[in-house]
1. From 212, 165, 227, which residue is under 12 Å from residue 111 (Cα atoms) and crowded, with 21+ Cβ neighbours inside 10 Å?
2. Among (1) in a helix (DSSP H, G or I); (2) under 19 Å from residue 148 (Cα atoms); (3) without any contact (Cβ under 8 Å) to a residue 60 or more places away in the chain, where does residue 184 come up short?
3. Filtering region 116-136 down to residues that are at pLDDT 95 or above and in a loop (DSSP other than H, G, I, E, B), which residue is surrounded by the most Cβ atoms within 10 Å (Cβ to Cβ)?
4. Would it be correct to say that residue 207 is part of a loop (DSSP other than H, G, I, E, B), touching a residue at least 24 places away in the same chain (Cβ under 8 Å) and surrounded by 14 or more Cβ atoms within 10 Å (Cβ to Cβ)?
5. Which condition does residue 101 not pass, out of (1) part of a helix (DSSP H, G or I); (2) surrounded by fewer than 16 Cβ atoms within 10 Å (Cβ to Cβ); (3) at pLDDT 95 or above, if it passes all the others?
């Protein structure tokens, strides 16, 4: 399995170093929740289409009311519509709670080497943006162990965590970002299944890469406030973790 090195100029004419590799592993929970949400939307559209046809057929068949009472066709249509409406509402509430629950606790690493920052390039729904390596804190994990695991799955390296750099409030939960250094492994050889995902798929593509620190504000690096602080060189000098509120 080879490692691909490419170069791309940034807005400051410096060099962006990109390593990418594809491997197998377990899918990321956040991507599964997105796929489930898309499936729920498709299911809802099919139900609405079916109801439209069913109600139109009922109008053609119901004729006149019998003895001043509504026909069984009308009653059936009303009852069926009410049941399906309740079902769709329950599905959407379940999907919303799932996404919020998975977004409540997340953890990521900030790896800075030779003035370059390790990031994950995401291409999804026609958009290209960049995030710090990390993901959902799974049941039984601490924020620290989740950050270490996610770094290995997405980057293929073992990391040593240092101080807590930032806490980001997002979608009713906190996301923790730790300063970290690479202790072992080969960058770009992650084991996460998401690395084999194509940009045209529902989850989009993932590509581990290095970006010059001074170029963080030239690209769509998220969270933006964290990228700005890191790019300005003020993050490492803070005595307390940077607090960012993106929930509003």
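1. Unique residue meeting the criteria: 165.
2. Checking residue 184 against (1) in a helix (DSSP H, G or I); (2) under 19 Å from residue 148 (Cα atoms); (3) without any contact (Cβ under 8 Å) to a residue 60 or more places away in the chain, the one that fails is (1).
3. 132
4. no
5. (3)
The values are calculated or read from the model by the stated rules, or taken from the named source; none is laboratory data. From a predicted model like this one, the values you see are computed outputs, not experimental measurements. Reconstructed Cβ throughout: ideal geometry from the backbone, glycine too, with neighbour counts over all protein chains shown.
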